[in-house]
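Working notes, beginning with the structure itself.
The values are calculated or read from the model by the stated rules, or taken from the named source; none is laboratory data. Everything quoted here is computed from the prediction, not taken from an experiment. So basically every Cβ, Gly included, is an ideal-geometry build from the backbone, and we count neighbours across all protein chains shown. The protein model used for the area step is the full one, side chains on, heavy atoms only, and it has no ligands, DNA or RNA in it. Shrake-Rupley method; radii C 1.70, N 1.55, O 1.52, S 1.80 Å.
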Amino acid sequence: MNYLSTRGRAPEESLSSALLAGLAPDGGLYMPVRLPVMEPGDFADCHDMTAVGERLLQAFFEGDALEPHLPEICEQAFAVSAPLVPMRGPGDYCLELFHGPTAAFKDFAARFLAACLAVLHDGGDTDPLNILVATSGDTGSAVASAFDGRSGFRVIILYPDGGVSSRQAHCLECWGENVHAFRVAGSFDDCQKMVKTILAEGVGRPVRFTSANSISLGRLLPQLVYYAEAALTHWRACGRRLNFIVPAGNLGNALGCVMARRTGLPIGDIHLACNANATLPDYFAGQAYHPRPGQRTLANAMDVGAPSNFERLRHLYGSDERLRQSVSANSVDDEGIASVIRNAPDRYGWIPCPHTACALQALEMFRDKGDDRDWAVVATAHAAKFDEIIQNITGRRPTPPPGLADCLERPRRWEHIAADSGQLKQRLRDLHT
Ligand SMILES: *Cc1c(COP(=O)(O)O)cnc(C)c1O
C-alpha cells in the first residue's frame, strides 16, 4: 500500500516514509491510495482487538518494511481493552477508550506509533530520534508514556503554562530522563508554531526530529481498530449495525471511525459531538468551511477551531455534498456540558469527562427525537483526569483509575520556556551535547 498527499502535489510514499515524514512535502496529509474492502466474515476468527487490528491493518502495511512486525505492533498497541458497555437505556452503549496508562483514547495511537518507530529507528543509532509534541492536554501524556524509557528516543513536550488541568499537567511531567516537559509562556497555538518551526528549520545541528501530532499516520491507523472491534462485537451479538457518536476536536478519532466504515465494517451513522468550537457543526449545517481561532471550553482537548484532519475527511468524500450526507455534527456549550455532568449520576450511574459529556448530550437529543437505533457514545477520557471541573459541578472528586493513579504518584519535572522557537532551539542544542 502506498500513501498519497491530500493536496496531490507530492510523490506517493511507502507507509514507513509517510509515517516518518509526518506532513507531505506539499503541505498535505498522507492518506492510503485506496482503502481495502472487507466484510464481517473476514474477521470470523478474530476474537480480540489485537487479532482484529492485525487483520484490518494488514492491507495498510502490505509491502512495507513494517509489515513483518505488524503482529508485535498490534500486541503493544491493543493490549489495553476498549469494552463496549451497555448503558441504562435500550440501544445505548458506551465505547470506553480510557483504560490505557494515561486514561484517554490517545494511548492506543501513541503506543502504536511508538511500536512502529521502535522498529524503524533501530540498529545501533547513537543519536536519539526526537519526538516533538505540542499538546493541549492528553496527547503529550500518551506520547510520553508510550516512549518513556525507550532507548533511542527523546520526547519534547510543549504545552501552554496554566492551560491544562493540574492532573493533566502531572501526567506530562512525571516521566523518566528521556522525556522533557516544557511549560510555554503562551497559547497552544504558540506551542504548535514552535513545533512547526523546529520541524521545518531544525536546530542548526544534525539532530533528527519527527512529530507525534494528530496528523501523524501512525496515530490515524490504530484508531480504526477499536471501532472495528466494537462494531464486529455488536454485529455478532445482534446482526445490526452500530452507530457512533464521537467527541471531535482535530477529527483524528472520528476519521478512524469513518475509514473503518468505508472498509466495510458494520458501522451505521457517525455523528460528531463538538464543544462550543462550532467549525464542524456550522459546516455540516450547510455553511462554507470556515476555520477560526479556537476558544477555551470545559472540554479542553477539543478546543480546536481549525480541525487538522478535516482535509483528510474532505479528501475521502471528494465533494462537500457527499461528505454532508455521510456525517453529521452538533455543538454543545459549557452549560450543556455542565448539565450533562450534573445529571449523569442519576441518569447514567457514572460520571463522564467533559468531552464524553458532549457525546451524551447528542445521544439525549437523538432519543428525544424518537431515534431508537443502537448508538455507542465514545468515552474519550476518564472523568478523573478533569477532577477540578467535575468537582465544581458535582461536588465529588472522581477517583483515578489505576494507570492514572500511578502517574499521579510519581514526582514531577518540567522547565519554563518563552513562546520563542529561538530559545527552544538553543535548549535542544544543549540537550544534544
Ligand atoms: C484529543 C481528545 C479529543 C478529540 O479528539 P480528536 O481526535 O482531536 O478529534 C476528545 N476527547 C479527549 C479526552 C481527547 O483527549
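Over the alpha carbons of region 239-288, what is the largest minus smallest coordinate on each principal axis, giving the biggest first in Å?
35, 20, 16
Report the charge-dipole magnitude of the chain in Debye, nearest 20, computed about the Cα centre from +1 at each Lys and Arg Cβ and -1 at each Asp and Glu Cβ.
For this selection, approximately 560 debye.
Using the Karplus curve 6.51 cos²θ - 1.76 cosθ + 1.60 with θ = phi - 60°, what ³J(HN,Hα) values do you get for each residue of region 370-379, in whole Hz, with x for Gly and Pro?
x, 5, 10, 7, 7, 10, 9, 7, 8, 8
State the number of lysine pairs found in the chain whose Cα atoms come within less than 26 Å, restricting to pairs 8 or more positions apart or on distinct chains. Walk me through the numbers before you get to the answer.
Details: Lys106/Lys193; Lys106/Lys196; Lys106/Lys385; Lys193/Lys425; Lys196/Lys425.
Going through the chain pair by pair, I get 5.
Rounded to the nearest 5, what % of the DSSP beta bridges within the chain are antiparallel ones?
Beta bridges within the chain, antiparallel portion: roughly 20 percent.
Would you rank Glu96, Glu39, Glu173 by solvent-accessible area, highest first, keeping every protein chain in place and using a 1.4 Å probe?
Glu39, Glu96, Glu173
Considering only His47, His355, His382, give the residue with the highest GNM mean-square fluctuation for the chain, with springs between Cα atoms whenever their separation is below 10 Å.
Of His47, His355, His382, the most mobile in the Gaussian network model is His47.
Any idea how far apart Arg236 and Asn343 come out in nm if each label point goes 7 Å out from Cα toward Cβ?
3.6
For the chain, with a Gaussian network of springs between Cα atoms less than 10 Å apart, report the residue from Trp175, Trp350, Trp414 with the top mean-square fluctuation.
Highest fluctuation among the options: Trp350.
Along the charge dipole of region 222-351, Cβ charges K/R +1 and D/E -1, which of Ile245, Gly264, Leu224 sits furthest on the positive end?
My answer, from the dipole projection, is Gly264.
Using the Cα centre of the chain as origin and beta-carbon charges of +1 (Lys, Arg) and -1 (Asp, Glu), tell me which of Gly204, Ala51, Gly152 is placed farthest towards the positive end of the dipole.
Towards the positive end, the residue furthest out is Gly204.
What number comes out for the charge environment of Val327, summing +1 per Lys or Arg and -1 per Asp or Glu over other residues with Cβ under 14 Å away?
Around Val327, the charge tally is +2.
State, to one decimal in nm, how far the label point of Lys193 lies from the label point of Asp122, with both points 7 Å from Cα in the Cβ direction.
4.1
Please name whichever of Thr6, Asn178, Pro307 sits farthest to the positive end of the charge dipole of the chain, dipole taken about the Cα centre and charges placed at Cβ: Lys and Arg +1, Asp and Glu -1.
Among Thr6, Asn178, Pro307, the one farthest towards the positive end of the dipole of the chain is Pro307.
Would you please name the trypsin sites (Lys or Arg not before Pro) within region 9-109 that are DSSP coil residues with at most 15 other C-beta atoms within 10 Å of their C-beta?
Passing both the DSSP loop test and the Cβ count: Arg9, Arg34, Arg88.
Taking the chain as a Gaussian network, where each spring joins two C-alpha atoms under 10 Å apart, which residue of Pro86, Pro32, Pro222 fluctuates the most?
Pro86
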